[in-house]
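First the structure, which I've put down as structure tokens, then a few questions once you've had a look.
The values are calculated or read from the model by the stated rules, or taken from the named source; none is laboratory data. Predicted model, so just to flag it, every value in this text is computed and none were measured. Methodologically, a virtual Cβ is constructed for each residue, glycine included, from the backbone with ideal geometry; neighbour enumeration extends over all protein chains shown. Accessible surface is based on the protein model in full, side chains and every heavy atom, while ligands, DNA and RNA are left aside. Shrake-Rupley method; radii C 1.70, N 1.55, O 1.52, S 1.80 Å.
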Amino acid sequence: MPRRDARRYKWRSALIVAMVGLPVLLLTSGITLLATSDISMAESIPYVMGSAQARISDNGGGRMAQSPDGRSSRSTQGGAPALAVPGFAVGSAWTTDKVQKVTDGRVIQTSNATMRVTLGDRRPFMPVLRIDARDPLARGMTDLVSGRWASTPSEIVVTEAGITKGLPSGGTLTIAGPGGKSRRLTVVGVATGLTEYGQLPFLVALPALDTAGLDQTESGAPAFLVGRTAPLTWSDVRRMNNYGLLVQSRQVFLNPPPVTELDSKVAQTVVPYQNGNDLVLLIAAIGLFIETTLLAGPAFAVSAARQRRSLALAASNGAEARQLRRYVLGQAVVLGFVSAAVTVVAGVLLTFAGLTWWPPLRDV
Amino acid sequence: MTTSPILLLDNVSRVHGHDETAVRALDGVTLEVHAGELVAVMGPSGSGKSTLLNLAGGLDQPTSGRVVVEGSDVGAMSLRDLAALRRRSLGFVFQDFNLIPSLTAAENVALPLELDGLRVGKALRIALDSLEAVGIAELADRYPEHMSGGQQQRVAIARALVGNRRLVLADEPTGALDSQTGEAVLRVLRARCDAGAGGLLVTHEARHAAWADRVVFLRDGVIVDTTGTPPSAESLLDSAAAV
Ligand SMILES: Nc1ncnc2c1ncn2[C@@H]1O[C@H](COP(=O)(O)OP(=O)(O)OP(=O)(O)O)[C@@H](O)[C@H]1O
Ligand SMILES: [Mg+2]
């Protein structure tokens, strides 16, 4: 009888399903998001650091503490000056050599910039990934599709994303500057590319590409990729923080330290990615419970009241208390089960669809 | 009658409440319903007609006296036995809301059988026979809201007498119907009794009581008269009303 009832009263059942189901839907998409945001930290490794052990950038100040993903940081010890690097003047700019002194291994430079290019009568700004892409450390960040990598500052590689924006896949490309001054670069290859935040660069060029005098904005100081056999551990990261360096380490991305090991102020800014999740889930579950009892409960009670006559009729036809209880419970179970099953699946699917079609969600 | 009755009420009383608020709804009523017999119960509002019917169906227990259905004393039964009695021996037809709206006609009729543990398929087959007997087998798959009031009451009668159920207790089954439809429903009830069932019919209308073999007239919980000749029912009603 419960199944027939649910079948017969589709809309009332649908209402109850929705009332129980919507929060379950939100909860499951939340869980899915959290689950995938854990993965996305690991997934971001290729475009943050290519094949390197770490990506290092100058945090522009004294000693600091950072989050495992390097997205947040703050200066520590009352802004005490950074440790000096032996052989380099205090406060001198970071170079591959200076970074190498701290990290060991092999160090190359990379940065993201925008350049103004001439496309017919348009002169749009386009993002360019600046790296010596011939270096194996760049693999994953940018990979060659056809042609070859740029080997001189007068050569450039366009990405597939760039081609969809109208860039040529061969020939020459004019980089336009103010005052009619311009420079012609040879397009020598086509590549794939991802930048630090998962955006698509349209061009890949050597850091040495001489852009002086051309319209160009650097989006951030140069960063450094470190190639070495030993992974950079969380304690390595914290040690290097004392030099004022922000470190995004492959090892740490794959195995983030517990939130308890973070600087307390930094920890507050970090999206809980471990124990924190349990708390989030607990809160969500409690909310779900309250919602269900407050909204779905009465809805269910109303539908139960409407069925008092049915129940009385069943009783006058010899239904025993046991059978009546089973009927009422059965309905709760049928609807509850249906809504839970439907929405858990829907929540997971919707979230994955969202992740696929709406990229900002990936940053959650 | 030489056969034992399907329903026997032996000096039955029912008092609601206690002491000064006590209402004597039924007072020493004795009544028999035999197989093949339709007995009508008439009387003014509050005279105890529904109380009588509920006692006969085991929905209520007498304060004193005996209610015997197919030889079993209802007063001595446990709740489970009572439920079994209502599944197997008798069925109710009320004024309205007789059918469970989420079940089709056939499923409604099959309900007591299913509650009794019969497999769905078998219960539905038996239900179809019963629907056939009230002349609406073709409505088996309709839901109540897609049936007329008269059709719904016929389904209720079919359910009251499905399987081995032999006693139908009808409390103003035509109360919500126009007189023509009501007449048709009573004809069905009459036919089912002619086919061997026992029927107890509560009605306000002498015209409907005319379908009965006997009319029992209740007033203030007491049987004030009984007649075996239906044509006199109307005059009985008149004389009682004049009292
Ligand atoms: N549960 C109850 N508690 C108290 N008194 C009741 C209860 N049920 C019925 N009564 C009283 O018992 C008396 C008989 O009621 P009953 O329902 O049997 O009358 P009836 O003949 O069916 O009336 P009607 O024609 O209006 O349906 C009435 O006075 C009624 O108020
Ligand atoms: Mg009544």
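Going residue by residue through the range B:31-44, is there one that turns out to be touching a residue at least 40 places away in the same chain (Cβ under 8 Å), within 16 Å of ligand 1 (Cβ to nearest atom) and open to solvent by 30 Å² or more (accessible area, probe 1.4 Å)?
Step one: filter the range B:31-44 for residues touching a residue at least 40 places away in the same chain (Cβ under 8 Å), giving B:31, B:33-44.
Now drop any that are not within 16 Å of ligand 1 (Cβ to nearest atom), which leaves B:31, B:39-44.
Then keep just the ones that are open to solvent by 30 Å² or more (accessible area, probe 1.4 Å); that gives B:44.
Within the range B:31-44 (the criterion being touching a residue at least 40 places away in the same chain (Cβ under 8 Å), within 16 Å of ligand 1 (Cβ to nearest atom) and open to solvent by 30 Å² or more (accessible area, probe 1.4 Å)), the answer is yes, since at least one residue qualifies.
While we're looking at this one, here's another question. Name the single residue, out of those in the range B:135-148 being touching a residue at least 40 places away in the same chain (Cβ under 8 Å) and closer than 10 Å to B:Ala105 by Cβ, that is most open to solvent (accessible area, probe 1.4 Å).
Keep residues of the range B:135-148 that are touching a residue at least 40 places away in the same chain (Cβ under 8 Å), which gives B:135, B:143-145, B:147.
Applying the additional criterion that residues be closer than 10 Å to B:Ala105 by Cβ yields B:143-144, B:147.
Details: B:Tyr143: 42, B:Pro144: 9, B:Met147: 16 Å².
Result: B:Tyr143.
I've got another one for you. Taking A:Pro23 as the residue in question, decide whether it is modelled with pLDDT of 65 or more and either within 14 Å of chain B (Cβ to nearest Cβ) or open to solvent by less than 50 Å² (accessible area, probe 1.4 Å) (or both). Let's see the steps before the verdict.
Details: modelled with pLDDT of 65 or more: yes; either within 14 Å of chain B (Cβ to nearest Cβ) or open to solvent by less than 50 Å² (accessible area, probe 1.4 Å) (or both): yes.
Taking the combined requirement at face value, the residue satisfies it.
Looking at the range B:102-115, which of the residues that are outside any helix (DSSP H, G or I) and either touching a Phe, Trp or Tyr at 6+ places or on another chain (Cβ under 7 Å) or more than 7 Å from every other protein chain (Cβ to nearest Cβ) (or both) is surrounded by the most Cβ atoms within 10 Å (Cβ to Cβ)?
Among those residues, the one meeting the criterion is B:Thr104.
Can you work out which of the residues in the range B:63-88 that are buried (at least 21 other Cβ atoms within 10 Å of the Cβ) and outside any helix (DSSP H, G or I) is nearest to the other protein chains (Cβ to nearest Cβ)?
Of the residues in the range B:63-88, the ones buried (at least 21 other Cβ atoms within 10 Å of the Cβ) are B:67, B:69, B:74, B:83, B:86-87.
Then keep just the ones that are outside any helix (DSSP H, G or I); that gives B:67, B:69.
On the way: B:Val67: 16, B:Val69: 12 Å.
That would be B:Val69.
If I ask for residues that are within 14 Å of ligand 1 (Cβ to nearest atom) and assigned to a helix (DSSP H, G or I), which ones from the range B:184-210 would you list? Full working, then the answer.
Our first condition is that a residue be within 14 Å of ligand 1 (Cβ to nearest atom); within the range B:184-210, this holds for B:200-205, B:208-209.
Answer for the range B:184-210, where residues must be within 14 Å of ligand 1 (Cβ to nearest atom) and assigned to a helix (DSSP H, G or I): B:His208, B:Ala209.
Consider the range B:119-142. How many of its residues are in a loop (DSSP other than H, G, I, E, B) and closer than 12 Å to B:Thr104 by Cα? I'd like the intermediate steps shown before the answer.
So in the range B:119-142, the residues in a loop (DSSP other than H, G, I, E, B) come out as B:119, B:134-136, B:140-142.
So of that shortlist, the ones also closer than 12 Å to B:Thr104 by Cα come out as B:140-142.
Summing the residues that are in a loop (DSSP other than H, G, I, E, B) and closer than 12 Å to B:Thr104 by Cα in the range B:119-142 gives 3.
Which condition breaks for A:Pro272 when tested against (1) out of contact with any Lys or Arg (no Cβ under 9 Å at 6 or more places or on another chain); (2) within 14 Å of chain B (Cβ to nearest Cβ); (3) modelled with pLDDT under 70?
A:Pro272 satisfies every listed condition except (2).
Further question on the same structure: Filter the range B:143-165 down to the residues that are assigned to a helix (DSSP H, G or I), touching a Lys or Arg at 6+ places or on another chain (Cβ under 9 Å) and not aliphatic (A, V, I, L, M), then identify the one that is farthest from the other protein chains (Cβ to nearest Cβ).
By that ranking, first place goes to B:Gln151.
Moving to a separate point now. Just give me the residues in the range B:158-186 being surrounded by fewer than 20 Cβ atoms within 10 Å (Cβ to Cβ) and within 15 Å of the chain's Cα centre (by Cα), in sequence order.
Residues of the range B:158-186 surrounded by fewer than 20 Cβ atoms within 10 Å (Cβ to Cβ): B:164, B:175-176, B:178-181, B:183-184.
Correct list: B:Gly175 only.
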